Amino acid sequence: MNSYDVIILGGGAAGLMCAAEAAGRGRKVVVLEIASRPGPKILVSGGGRCNFTNLHAKPIDYVSSNPAFIPFALSKYRPKDFIALVKAKKIAYHEKKDGQLFCDKSAKAIVGLLVDRAMEKGAELLKEQNTQEVSHSDGIFTVKTKDSVFAAPHLVVATGGLSWPQLGATDLGYRIAQQFGLKIIEPSPALVGLTFPELEMTRFDGLSGIHLQVGVTTGKWNMVEDIMITHKGLSGPVILNASLHWNPGQEIIVNWVPELTVDSTLQQLKKDKAAGGRGEFRVWLSERIPKRLAERLAYHAGAKGAWAELSAAQMKTLAETIHAYRFVPADTFGYKQAEVTRGGVDTRELDRETMECRKVPGLFFIGEVMDVTGKLGGFNFQWAWATGWTAGQAV
Ligand SMILES: Cc1cc2nc3c(=O)[nH]c(=O)nc-3n(C[C@H](O)[C@H](O)[C@H](O)COP(=O)(O)OP(=O)(O)OC[C@H]3O[C@@H](n4cnc5c(N)ncnc54)[C@H](O)[C@@H]3O)c2cc1C
């Protein structure tokens, strides 16, 4: 039996942050990581350059069934706190846009920072540790792996979400939550592409690779950003962000020319028609969006010939096709391509000032395993740092 003050399951972003903080407070800490190296997701993040925080991270940048939980941790550990660690390690970084901070060179530097910090403060990091059983009695948690048994009065679950199973993501965190009778908000893939239903599969066939700035609405949420047409659906930042707010069966509305609206285009078309305009919609649209896409949209809207020949109903169909293209995605691209998992351990089960479970003292959940998911742009790492730090002060 190996006795510790704190056992942390998962040596990713949140787990390593928590390990350094707890060990820095004199706790005897062990991190049990299933993969052969720590921080596998950090290594692939931000296209290998890790978008490690966002200068403007605020509670409103996150989705959760319990938004009131979010502000505390974010206010205690801010982007500037993590930036201070990055600067102290002399890791070169830059702002790409909108407060998104990336390493100049490689995400490896961030993993190095986290591991070095945890080690320097005395935490142990054990790799290839596949947890087989967790039990709890007399205030002590016991974790059995294939070769060893670990015991501690504090167990921190930092196993992340289900996305990218190819990097070793597991559902251990959710299973532990269930074992202890905690509520889980149904997990689903998020920050992920959305697949076309059959009709759009045909309509957008052969347009893969086209990207442009569009407006996307789903429910009450909307955003103007880049979209990418792929062979199986839509992707790109605006769709990844939309996937955070989208639920199966819900409509997605695309405005292919976001600087204009159905009404403004309709008025323009009517005005041109009244003036005897000979312009073709296909041409008008090609001046605003990529030509191949413009021609396809015009074709599907039935816009053949000059404006002067179009009926009022045809004009309306045209304007709606361009500014309010509606479809119901068949699905998401799935966990294999999702950057994060939406849902997770219900934060109502946790104390927002410590991340400790209300029903089970000594049990903590941090990072992506919880039902708090950030939008694209460094917000998810900031949540991992903030919750890892917060639990690190409490264990
Ligand atoms: C391709 C990709 C790119 C991304 N890019 C960004 C980005 O640029 N910026 C951003 O903010 N977010 C990004 N994210 C999201 C970000 O990586 C996560 O939100 C963040 O890592 C969550 O931190 P975490 O510590 O909760 O989980 P993780 O960092 O995933 O850590 C969980 C750890 O637990 C381990 N583990 C899992 N199961 C077990 C088990 N049974 N036993 C022991 N250990 C286990 C895992 O191997 C992993 O090391 C990206 C995600 C992906 C997939």
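Computed from the coordinates by the stated procedures, all read-outs in this text should not be read as laboratory data. Quick caveat: nothing in here was measured; it's all calculated off a predicted structure. All Cβ positions, glycine included, derive from the backbone under ideal geometry; neighbour counts span all protein chains shown.
In the chain, the calculated helix contribution to ellipticity at 222 nm averages -9000 deg cm²/dmol per residue, counting -39,500 (n - 2.57) for every DSSP H run with n ≥ 4. Between the C-alpha center of the stretch 1-39 and that of the stretch 274-295 there is a gap of 60 Å.
Only bridges whose two residues both fall in the chain count here: according to DSSP, what percent of them are antiparallel, nearest 5? Don't jump to the answer; show the numbers that get you there.
Details: 46 of 63 bridges.
Given both bridge residues lie in the chain, the antiparallel proportion sits at roughly 75 percent.
A full extension of the chain between ALA330 and VAL262 corresponds to an added length of 21.9 nm, given 0.36 nm per residue minus the alpha carbon distance. Here the stretch 321-395 and the stretch 157-197 have alpha carbon centers that stand 9 Å from each other.
Taking LYS108 as the anchor, which aspartates and glutamates have their alpha carbon closer than 13 Å to its alpha carbon, excluding any fewer than eight residues away along the same chain? Within the straight-line limit of under 13 Å, LYS108 reaches these aspartates and glutamates: ASP116.
So who's got an amide H within less than 5 Å of the one on GLY236, skipping anything under 5 residues away but keeping other chains? H placed 1.01 Å off N, in plane. Amide H neighbours of GLY236: MET228.
Loop-located trypsin sites (Lys or Arg not before Pro) in the stretch 194-259 (DSSP state other than H, G, I, E, B) with a sparse environment of at most 10 neighbouring Cβ atoms within 10 Å: LYS220.
Applying both filters, DSSP loop and at most 11 other Cβ atoms within 10 Å, to the GluC sites (Glu not before Pro) of the stretch 217-273 gives GLU259. If the chain linking ALA274 and ASP116 were pulled fully straight, counting 0.36 nm for each residue of separation and taking away their Cα-Cα distance, it would gain 49.7 nm. Basic side chains Lys and Arg get +1 at the Cβ, acidic Asp and Glu get -1 at the Cβ, and with that the dipole of the chain about its Cα centre reaches some 740 debye. Straight-distance candidates among the lysines for linking to LYS183, with alpha-carbon spacing under 17 Å and chain neighbours fewer than 8 residues away dropped: LYS359. Placing R0 at 30 angstrom, the Cβ-Cβ distance between LYS316 and LEU212 gives a FRET efficiency of 0.80 after rounding to 0.05. Annotation: peptides 355-368, 284-297, ranked by per-residue average of other Cβ atoms within 10 Å with the highest first, follow the order 355-368, 284-297.
Which of the helices in the chain, when you take each full DSSP H run, stretch at least 15 Å along the axis at their Cα atoms and have an average Kyte-Doolittle score of 1.0 or higher? Span-like helices in the chain: 13-24. Under 12 Å of direct C-alpha separation, and excluding same-chain neighbours fewer than eight residues apart, LYS41 reaches these aspartates and glutamates: GLU339, GLU368. Rounded to the nearest whole Hz, the Karplus-based 3J(HN,Hα) values (6.51 cos²θ - 1.76 cosθ + 1.60, θ = phi - 60°) of the stretch 336-342 follow the sequence 4, 10, 6, 6, 9, 10, 7, with x at glycine and proline. In this simple spin-label model, placing a label point 7 Å from the Cα along the Cα-to-Cβ direction at both LYS105 and ASP171 gives a separation of 4.1 nm.
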